[in-house]
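Trainee: I am attaching a structure below and will ask some questions about it afterwards.
Derivation of every value follows stated rules applied to the coordinates shown; laboratory data play no part. Source: prediction; values computed, not measured. Using ideal geometry, Cβ is built from the backbone for each residue, glycine included, and neighbour counts are taken over all protein chains shown.
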Amino acid sequence: MNIIAGAFKPPCKISISLTHPTTRKQVRVKKENDQTVMVPLFQSQENIVGEVSIEPARGKKVEHNGVKIELLGQIELYFDRGSFYDFTSLVRELEVPGNLYERKTYPFEFSTVEMPHESYNGINVRLRYVLKVTISRNFVNNIVEHMDFVVHNYIPAPSINNSIKMEVGIEDCLHIEFEYSKSKYHLKDVVIGKIYFLLVRIKLKNMELEIRRRESTGSGTNTYVETETLAKFELMDGVPVRGESIPVRLFLNPYELTPTYHNINNKFSVKYFLNLVFVDEEDRRYFKQQEIIVYRLLEDS
Amino acid sequence: MMIDGTEDEEKFLAAGIAGLQQNSFYMHRALDSNNLRDALKYSAQMLSELRTSKLSPHKYYELYMRAFDQLRKLEMFFEEETRRGCSIIDLYELVQHAGNILPRLYLLCTVGSVYIKSKEAPAKDVLKDLVEMCRGIQNPVRGLFLRSYLSQVSKDKLPDIGSEYEGDADTVSDAVEFVLQNFTEMNKLWVRMQHQGPSREKEKREKERNELRDLVGKNLHVLSQIEGVDLEMYKDVVLPRVLEQVVNCKDELAQFYLMDCIIQVFPDEYHLQTLDVLLGAYPQLQSSVDIKTVLSQLMERLSNYAASSAEVLPEFLQVEAFSKLSNAIGKVIEAQPDMPTAGVVTLYSSLLTFTLHVHPDRLDYADQVLGACVKNLSGKGKIEDKKATKQIVALLSAPLEKYNDIMTALKLSNYPHVMEFLDVPTNKVMATVIIQSIMKNGTRISTSDKVESLFELIKGLIKDSDGTPDDELDEDDFKEEQNSVARLIQMFYNDDPEEMLKIIETVRKHILTGGPKRLPFTVPPLMFSSLKLVRQLQGQSQSQEENPFGDDASTSPKKIFQLLNQTIETLSGVLAPELALQLCLQCAEAANDCELEPVAYEFFTQAYILYEEEISDSRAQVTAIHLIIGTLQRMHVFGVENRDTLTHKATGYSAKLLKKPDQCRAVYACSHLFWVDDHDNMKDGERVLLCLKRALRIANAAQQMANAARGSTGSVMLFIEILNKYLYFFEKGNPQVTVAAIQGLIELIMNEMQSDTATPDPSADAFLATTMRYIQFQKQKGGTVGEKYEPIKV
C-alpha cells in the first residue's frame, strides 16, 4: 500500500510564499467544505512579489519541460461546471526545461497588476484570484500548485449621493412616504431614514427592513438569478396611525455585504436592495424594494 | 369564555416568565465570563419575551418587572465594560444590531443610560435619540412600557438645574423637552389603545387602559420633580404643551385623568398663577368628561392653599381667581349642555366653598355664585335627581357652616331662589339645617326684615307646598319639624318693643298660613314671645310712670292682646280647643298683670265659650276646669261682679262634670276661688264651706253609687282629700271651718275604712296616715298653730 501510494506521490513539493506576509492583511475566506482559511488580501495595482520553492522528493529527480508561475483572475460559473473564464492571466517563466535534483527557490514578481474585479463567492458564481505554479512534464501529468488570494478594491466616497425618497401606497389602504438618507452606502455605513404614514387602513402588525442581494449570472436566456435576504431588521411593532413617523437606523456592519458588482466581465452582476416590508395581522406582506449601491470605501487614513 | 381567557393568560405568563428566566440565566453566565457578545445575544432573547401580545396589561407588567430587574444588572455590566475600555459609542451601536425592535430598544435605553453617565456625549443628544427611536413601538401596551422604562432610567440623568448632567449645551429646557415628548407619545399610545381590537371588548379595554394610566401620569410627576421648572417655565412651556396634548387627544378617560394629574402634581401656587390657561382648557374638553370633579378638585386645592396661609391671599386677589373660576364654570356649563344638574350644582358648590375660604369678606361673590347657579337651574323646575338635591343642600349649607351665622346667609339675595329648586322633602331638610344652625349658634334674629327673609327660606316648613299637603309624611318627623320651627320662633328677639312687635306681626302673618296641622305647634311660641313683650312693656311703664302705654298706640299691650285674641281664634277654629283654652288663660293672666280688666274678662269669656262649645271629652274637661280654676284664683283685676260671674260659672261647670270623683275634686278646688290669701276682700269663708260640703255630698254619693254598682264602697280617697282641704282652710283661719267639722270628717273616714264593704286601698291608708301625722305634728309645734290644732282629737 505504501509502495503504491509512494508511486502516486508527487515527485516534488512546491510551496509558494509571498514577501512580507506578516504585514499584509489577511481575510477570512470560506472554503467549499465550510472551513475558513486566512488568505492574503490585495488590491488592484499592487505588486505581487514572492518566491516559489521546489523540493524534489528525496533521491528523485524531476524531469520537466519548464516551470512557470501564472497569476490568474478567474470567473467560475457553477451551472456549467469546470468552465473558467480567465479575465486576467499573467505568466512568469521560472525555469527552462531540464532536471531538478534538489530544492530550488525562484523569486517572482508581478508588478502593478491590474485586478479590476473583486474576489466574490456567490451562489452561482465565484470570482477568484490565484497564483498557479506549473511544472510541465512529458508523458505524465504536470505538477501544479495553487495559492489563492483575495482582492478588494476601494473607492472614495461618491461626490453625489442623493437620498431615496418616495411616496408609495395601495389606494385607500396604505399610503406611506419613505426616505433613506442616501442611495449609496459603504459596507460599514448606516441606513438612516424614516417612514411616514400618510394613511393606514389596514391592520399592520409590524414593519421590517430587509437587505436583499440579487446575484444574476449568465446572459440572455441562460440568465440565472438568485436572491438572498441577508438581513431582516424590524423597524416597527404595532399599528401606526396617520401622521406617525418611524425612524430607521440600520447598521450595515453586521451583515456580510459585498460592493455592488455591475456586469462583471459580462458574466455576472450583484445588486443590493432595501426592501421595506409591511406585515398585516393576517400575515400578508406588502413591500417596496429600492436598489442601493454598496461600495467599499477608501478610507482616508 | 372569559375564564378560559384568564387561564390561558396565566399559562402565557408562566411561559413568558420561564423563557425570561432561562435566557437571563444564560445572560448571567455571559456576564460572569465577560462575554459581551453572548450577553447581548441572551439579553435580546430574554427581552423577546416582552414581545408577546397575549397578556393583559396587568400580567404584562409582571413580566416587565422581571425584565426590569435583569436590565439593571445588564446596565451595571455595561458600565464595567466601559471601564474596561470598551467604547460606549461602540456599545451604543452594537446593541442596535439586534434584529427585533423591542429588545433592541430596551437595550438601547439601557446603554443610553450608561452613555449619559459617561458624559461622552451631551445628555440631551442621547435623550433625544432615545425618545425618537422609541417611536418604532407603535403597539400601545408595549410602547407604554418601553417608554416608561425610558422614563425610569433617565429620570435621574436629566440635565436639570444643579444636576451633574447640566452643561452649556444641556439645559433644563432640554430635560423638559425630553419628558414632554415622551409624555406626548405615551399619551397618544394610551389613547389609541381604545380603538384597537374588537369593539365588543371595549369595556374590558377601557378597564385595562385605566390600569395603565399611571404610566402616563408618571411623566407629569417627573416634570414636577425637575428643579428647573420654575413658574415661568411652567407657564410658558410645560403647561401649554401638556394642555395641548390633553385637549387634542380628544379622549374622555385621558382628559379626565390628566387634568386631575396636572392639578395634583404641580404646586398650587403655579395653578393660581396660570389659572387663565388652565381654565381655558376646560371648555375644550370632550363633553363626556367629568369636568365637575376635576374642577372641583382644583377649587378644593386652591381653597386649601388659601387656608394654609394668609400670606397667599393677596395672590388670589391679584390674579382675580374668583372671577376667572366663575367665568370658567360658566363656559364649561355652556360647552357641555348635557351635563347633569348634579354636575352643575357641584361646580357651583365648589366655587362657593372656594370663595368662602378665599374671600370670606366678599359676600357679594357668594351671592354671585348662587345667582349664577339659579340662572343655570332656571327652567328646570324642581329637581328630582337625588344627587343634584344632595349637592344643592351642600351648596346651601356651605355659607351656614362658614359664617356660623344665618344673618350672613340672609344677606345672600339668591339664597332662597336656590332653595326653590329643591323638592319638598329636601327643602324641609334644608330648612331644618338652617334652623339647627341658628339654634347651635344661638343667633338672635332681631329685625322683622330678617325674620321675613328667614321665613322665606324655611317656608317649606311653615306651610304646605303649592300642591296637595303631603299625607305620607311621618307623624314623628312632622312633629320634629314643627318643634324646630317653634324653637326658632323663640330666637326672634329685639329689645326695642316697637321692632319686636313688628317681628311678632311678621311671624304671625307667616304662621297663620301654616294650616291646621301646624298652628298648634307654632302659635304657642308666638303667644309666649308676645306675652314676654307685654311683660316687658309692663315693666317699662311701671318704671316710667309719666309715659303710660296708652300713648304709644303701636306697641301698647292692648294692641298686642288684640292680636293675640285673633290668633287664638284661628286656633280654636282648627280643632285645638284645649290649646286655645290654655292660651286664653295665659293671656288672661298676662292681662291681669297689666291691670286690664276688660281684656282679661274677654279672654276668660272666650275660655268659657271654648269650654262649653268645643271641649266635650270628659278628661279634657277635667283638665280644663282645673286650669280655669287655677287661673281664676290668681286673677285680681276683676271687680266683684265680674268675679262673681266667673266663679259662679266655674263652680257650675265643676258640678256638671261627668264622673262623681271628678265633680268632687273640681268642686273642692273651687273652694279656693273664694279664699285668696293675699286679698282680704276675697275671703268668703261661708262659700268656701259651702263648696267643701258640697264636695262631701258628692263624695258620699260617689260611694253609694259604687256600692250599688259593684257591691263595694270604693275608696275613701275623696274624703281624705276633702279633709286636707278642711285642714288647709282651718289653718288659714277660715272661721267657718270648725274643729267639730274636722273631727266629724275624721270619724267618718275611720268608720268607712273599718266597714266590711270597704275595699282595702293602701294608698288611701298611707294618705290618711300622713294626714294624721301632720295634725300631730302641728299640735306638737306649739304656739298659735299648736293651740289651734289642740282641740282636734285623733
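Trainee: Using only Cα atoms, what is the ratio of the radius of gyration of region B:336-394 to 2.2 N^0.38 Å?
Mentor: Details: Rg = 11.7 Å, N = 59, 2.2 N^0.38 = 10.4 Å.
Ratio of Cα Rg to 2.2 N^0.38 Å: 1.13.
Trainee: Which aspartates and glutamates have a Cα lying under 20 Å from the Cα of residue B:656, excluding residues fewer than 8 positions away in the same chain?
Mentor: By straight Cα distance, residue B:656 reaches B:578, B:612, B:613, B:614, B:617, B:644, B:721.
Trainee: Starting at the first residue of region B:47-62, write each ³J(HN,Hα) from the Karplus equation 6.51 cos²θ - 1.76 cosθ + 1.60 with θ = phi - 60°, in whole Hz, x for Gly and Pro.
Mentor: Karplus-based 3J(HN,Hα) across region B:47-62 equals 5, 4, 4, 6, 7, 5, 10, 9, 10, 6, x, 4, 6, 4, 4, 4 Hz.
Trainee: On to the next question. Once you wrap a convex hull around the alpha carbon atoms of the protein assembly as shown, what is its projected area averaged over all directions, in nm²?
Mentor: Taking the Cα atoms of the protein assembly as shown, their convex hull projects to 81.5 nm² on average.
Trainee: Once amide H atoms are built 1.01 Å from N in the peptide plane, which residues 5 or more positions from residue A:248, or in another chain, come under 5 Å H to H?
Mentor: Answer set, sorted by chain and number: A:193, A:194, A:195.
Trainee: Size of the dipole of chain B about the Cα centre, Lys and Arg at +1 and Asp and Glu at -1 on the beta carbon, nothing else charged, in debye to 20?
Mentor: Rounded to the nearest 20 debye, it is 1840 debye.
Trainee: Starting from the alpha-carbon convex hull of region A:90-211, give the projected area averaged over all orientations, in nm².
Mentor: For region A:90-211, the mean projected area of the Cα convex hull comes to 14.6 nm².
Trainee: Just to confirm a number: summing +1 for Lys and Arg and -1 for Asp and Glu over residues other than residue B:174 whose beta-carbon lies under 11 angstrom from that of residue B:174, what do you get?
Mentor: Cβ neighbours under 11 Å give a net charge of -3.
Trainee: Kindly provide the Kirkwood hydrodynamic radius of chain B in Å, to one decimal, from all pairs of distinct alpha carbon atoms.
Mentor: Evaluated on chain B, it is 35.3 Å.
Trainee: In chain A, which longest range has no GluC sites (Glu not before Pro) that are both DSSP loop (not H, G, I, E or B) and surrounded by at most 13 other Cβ atoms within 10 Å?
Mentor: Of all site-free stretches, the longest is A:172-255.
Trainee: Okay, moving on. Based on the Cβ-Cβ distance from residue A:114 to residue B:17, what FRET efficiency comes out when R0 is 51 Å, to the nearest 0.05?
Mentor: Working: r = 63 Å, r/R0 = 1.23.
After rounding to 0.05, the efficiency reads 0.25.
Trainee: Using just the C-alpha positions of region B:288-443 as equal point scatterers, what log10 of I(q)/I(0) does the Debye formula give at each q in 0.11, 0.15 1/Å?
Mentor: Debye intensities relative to I(0), on a log10 scale: -0.41, -0.77.
Trainee: Take the Cβ-Cβ distance between residue A:19 and residue A:166 as r, set R0 to 60 Å, and report the resulting FRET efficiency rounded to the nearest 0.05.
Mentor: 0.70
Trainee: What is the extension gain from residue B:609 to residue B:250, computed as 0.36 nm multiplied by their sequence separation minus the C-alpha to C-alpha distance, in nm to one decimal?
Mentor: 121.3 nm
Trainee: Next question, about the same structure. All other residues with a Cβ under 15 Å from the Cβ of residue B:45 taken together, and with Lys, Arg as +1 and Asp, Glu as -1, what is their net charge?
Mentor: +3
Trainee: Continuing with the same structure: Using the alpha-carbon atoms, what tilt in degrees (0 to 90, nearest 10) does helix B:101-118 show relative to the longest principal axis of chain B?
Mentor: 90 degrees
Trainee: Restricting attention to region B:233-316, which chymotrypsin sites (Phe, Trp or Tyr not before Pro) occupy a DSSP loop and are surrounded by at most 11 other Cβ atoms within 10 Å? Present the calculation step by step, with values, prior to reporting the outcome.
Mentor: Numbers: sites: B:234, B:256, B:257, B:270, B:305, B:316; in loops: none.
Here no chymotrypsin sites (Phe, Trp or Tyr not before Pro) fit, given the DSSP loop and packing criteria.
Trainee: Of all the C-alpha pairs in chain A, what % are more than 36 Å from each other?
Mentor: Numbers: 16508 of 45150 pairs.
Value for chain A: 37 percent of Cα pairs lie more than 36 Å apart.
Trainee: Taking only pairs that are 8 or more places apart or on different chains, how many Lys pairs in region B:674-794 have Cα atoms under 12 angstrom apart?
Mentor: Numbers: B:683/B:732; B:693/B:725; B:732/B:788; B:779/B:788; B:779/B:793.
So the count of such lysine pairs works out to 5.
Trainee: Further question on the same structure: Between helix B:739-754 and chain B, what is the angle of the helix's C-alpha long axis to the longest principal axis, kept within 0 to 90° and rounded to the nearest 10?
Mentor: The answer is roughly 60 degrees.
Trainee: Tell me, rounded to the nearest percent, the portion of alpha carbon pairs in region A:153-301 spaced more than 17 Å apart. Each step should come with its number before you reach the end.
Mentor: Working: 7010 of 11026 pairs.
Within region A:153-301, distances greater than 17 Å cover 64 percent of Cα pairs.
Trainee: What's the FRET efficiency of residue B:483 with residue B:232 using the Cβ-Cβ distance as r and R₀ = 56 Å, to the nearest 0.05? Can you show the working numbers first?
Mentor: Values: r = 61 Å, r/R0 = 1.09.
Computed FRET efficiency for residue B:483 and residue B:232 comes out at 0.35.
Trainee: For residue B:73 paired with residue B:35, estimate the spin-label separation in nm (one decimal), with each label point 7 Å from Cα along the Cα-to-Cβ line.
Mentor: 1.5 nm
Trainee: Which is the longest part of chain A that has none of the trypsin sites (Lys or Arg not before Pro) sitting in a DSSP loop with at most 15 other Cβ atoms within 10 Å?
Mentor: With a cap of 15 other Cβ atoms within 10 Å, the longest stretch comes to A:104-187.
Trainee: In nm, to one decimal, how far is the residue B:320 label point from the residue A:55 one, both placed 7 Å along Cα→Cβ?
Mentor: 10.5 nm
Trainee: Oh, and also: May I ask which residue of B:372, B:85, B:346 lies farthest towards the positive end of the charge dipole of the protein assembly as shown, with charges of +1 (Lys, Arg) and -1 (Asp, Glu) on Cβ and the Cα centre as origin?
Mentor: B:85
Trainee: In region B:101-179, which GluC sites (Glu not before Pro) are in a loop and have at most 15 other Cβ atoms within 10 Å, using DSSP for the loop call?
Mentor: B:120, B:164
Trainee: In straight Cα distance, which lysines are under 18 Å from residue B:119, not counting same-chain residues fewer than 8 positions off?
Mentor: B:128, B:155, B:157
Trainee: Suppose we take every Cα in region B:214-325 and form the convex hull; what volume per residue is that in Å³? Please report the intermediate quantities before stating the final value.
Mentor: Values: hull volume 11.0 nm³, N = 112.
For region B:214-325, the hull spanned by Cα atoms encloses 99 Å³ per residue.
Trainee: Report the number of Lys pairs in region A:2-151 whose alpha-carbons are under 19 Å apart, with separation of 8 or more residues or on distinct chains.
Mentor: Lysine pairs meeting the criterion: 13.
Trainee: While we're on this one: Averaged over every viewing direction, what's the projected area of the C-alpha convex hull for region B:122-266? Give it in nm², one decimal, please.
Mentor: Values: hull surface 33.0 nm².
Value for region B:122-266: 8.2 nm².
Trainee: In deg cm²/dmol and to the nearest 500, what is the mean residue ellipticity at 222 nm of the protein assembly as shown if only DSSP H runs of at least 4 residues count, each as -39500 (n - 2.57), divided by the residue total?
Mentor: -17500 deg cm²/dmol
Trainee: Sort B:735-743, B:404-412 for me by packing, meaning the mean count of neighbouring Cβ atoms within 10 Å per residue, highest on top.
Mentor: Going from most to least packed, we get B:404-412, B:735-743.
Trainee: Where does the charge balance sit around residue A:284 when Lys and Arg score +1, Asp and Glu -1, over other residues with C-beta under 12 Å from its C-beta?
Mentor: -1
Trainee: Mind listing which trypsin sites (Lys or Arg not before Pro) in region B:6-96 are in a DSSP loop and have 10 or fewer other Cβ atoms within 10 Å?
Mentor: Passing sites in region B:6-96 are B:84.
Trainee: How many nm is it between the label spots at residue A:285 and residue A:198, if each spot is 7 Å from the Cα in line with the beta carbon?
Mentor: Label at residue A:285, label at residue A:198, 2.5 nm between them.
Trainee: Let me ask another. Starting from the Cα of residue B:559, draw a straight line to each of the aspartates and glutamates and keep only those under 15 Å, dropping any in the same chain fewer than 8 residues away.
Mentor: Once the sequence-local aspartates and glutamates are set aside, what remains near residue B:559 is B:498, B:499, B:505, B:551, B:595, B:597, B:602.
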